[in-house]
1. Considering (1) β-branched (V, I, T); (2) within 17 Å of the chain's Cα centre (by Cα); (3) at pLDDT 90 or above, say which one I56 fails and leave the rest.
2. Restricting to region 69-88, name every residue that is among the hydroxyl-bearing types (S, T, Y) and either loosely packed, with under 12 Cβ neighbours inside 10 Å or in contact with a Phe, Trp or Tyr (Cβ under 6 Å, 6 or more places away or on another chain) (or both).
3. Just checking, does region 160-168 include any residue being modelled with pLDDT under 85, more than 28 Å from F34 (Cβ to Cβ) and either surrounded by 17 or more Cβ atoms within 10 Å (Cβ to Cβ) or out of contact with any Asp or Glu (no Cβ under 9 Å at 6 or more places or on another chain) (or both)?
4. Would you mind stating whether N12 is open to solvent by 60 Å² or more (accessible area, probe 1.4 Å) and modelled with pLDDT under 90?
5. May I ask you to list the residues in region 89-116 that are exposed (fewer than 13 other Cβ atoms within 10 Å of the Cβ), in contact (Cβ under 8 Å) with a residue 40 or more places away in the chain and in a helix (DSSP H, G or I)?
6. Checking A155 against (1) surrounded by fewer than 12 Cβ atoms within 10 Å (Cβ to Cβ); (2) under 22 Å from S16 (Cα atoms); (3) modelled with pLDDT of 85 or more: exactly one of these is not met. Which one?
Amino acid sequence: MKRFFNFLVDENIFISLCATSLFLFYHLKTEHNFSLYSPPFVFLCTFLGYHSLRLIAYYRKDLKHAPATINFYQRHKLFHLSTLSFGSLICIFCLVNIEKPSFIPVIIASFFFMLYESFFTTKWSLRKLPFTKPFIIALVWSLFICGLEEIPGLATWIDCFIFILLLSIPFDLKDFKSDKGQNIKTFANECKLT
């Protein structure tokens, strides 16, 4: 059973389900209609996005950043290639079929996501700015969840942002060793939470 739960976490299935649940929660809470293609799109964008962050470390041979993840990719290359390819195709299909997507918040979220983990350069990333990690995560998630089909009202976006921010701070404990090894200042390693 432990291996199964580790698989859900390592494969980014758990985090993708969390993002989809949050999307559904805020749309149902505000009684805002949404396309049936949007939840699988949110799931797959989260799934592909978190895998892309890990694949950067894998292809750069950044063993300090995520040694367990890199070993996981090396052992299951064909599986990852097929799931990521199939997921990308379904993601494109969903995007094409969403009736009224709002691209501006999604583009902004994608821009911050790419700056978060050195997509463009190995020398600089938003993740390395002191104490900003949970704020960037909250910004990207809230823009994507509330902006994909534009939930009306700024209060809902702020509610979503604060909720994700408060969840992200304790999740820094999971990345404690890798953040400390990369000299990234987070609330977890600066406030001696471990």
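1. (3)
2. Initial filter on region 69-88 (among the hydroxyl-bearing types (S, T, Y)): 69, 73, 82-83, 85, 88.
Y73, S82, S85, listed by residue number.
3. If we filter region 160-168 for residues that are modelled with pLDDT under 85, which is where we start, we get 168.
Filter again for more than 28 Å from F34 (Cβ to Cβ), leaving none.
No, every residue in region 160-168 fails to be modelled with pLDDT under 85, more than 28 Å from F34 (Cβ to Cβ) and either surrounded by 17 or more Cβ atoms within 10 Å (Cβ to Cβ) or out of contact with any Asp or Glu (no Cβ under 9 Å at 6 or more places or on another chain) (or both).
4. Numbers: open to solvent by 60 Å² or more (accessible area, probe 1.4 Å): no; modelled with pLDDT under 90: yes.
Against the criterion (open to solvent by 60 Å² or more (accessible area, probe 1.4 Å) and modelled with pLDDT under 90), N12 does not qualify.
5. Within region 89-116, I104 is the sole residue that qualifies.
6. The failed condition is (2).
The values are calculated or read from the model by the stated rules, or taken from the named source; none is laboratory data. Nothing here was measured: the structure is a model prediction, and the numbers come from that model. Positions of Cβ are backbone-derived with ideal geometry, glycine not excepted, and every protein chain shown enters the neighbour counts. Calculation scope for accessible area: heavy atoms of the full protein, side chains included, ligands and nucleic acids excluded. Shrake-Rupley method; radii C 1.70, N 1.55, O 1.52, S 1.80 Å.
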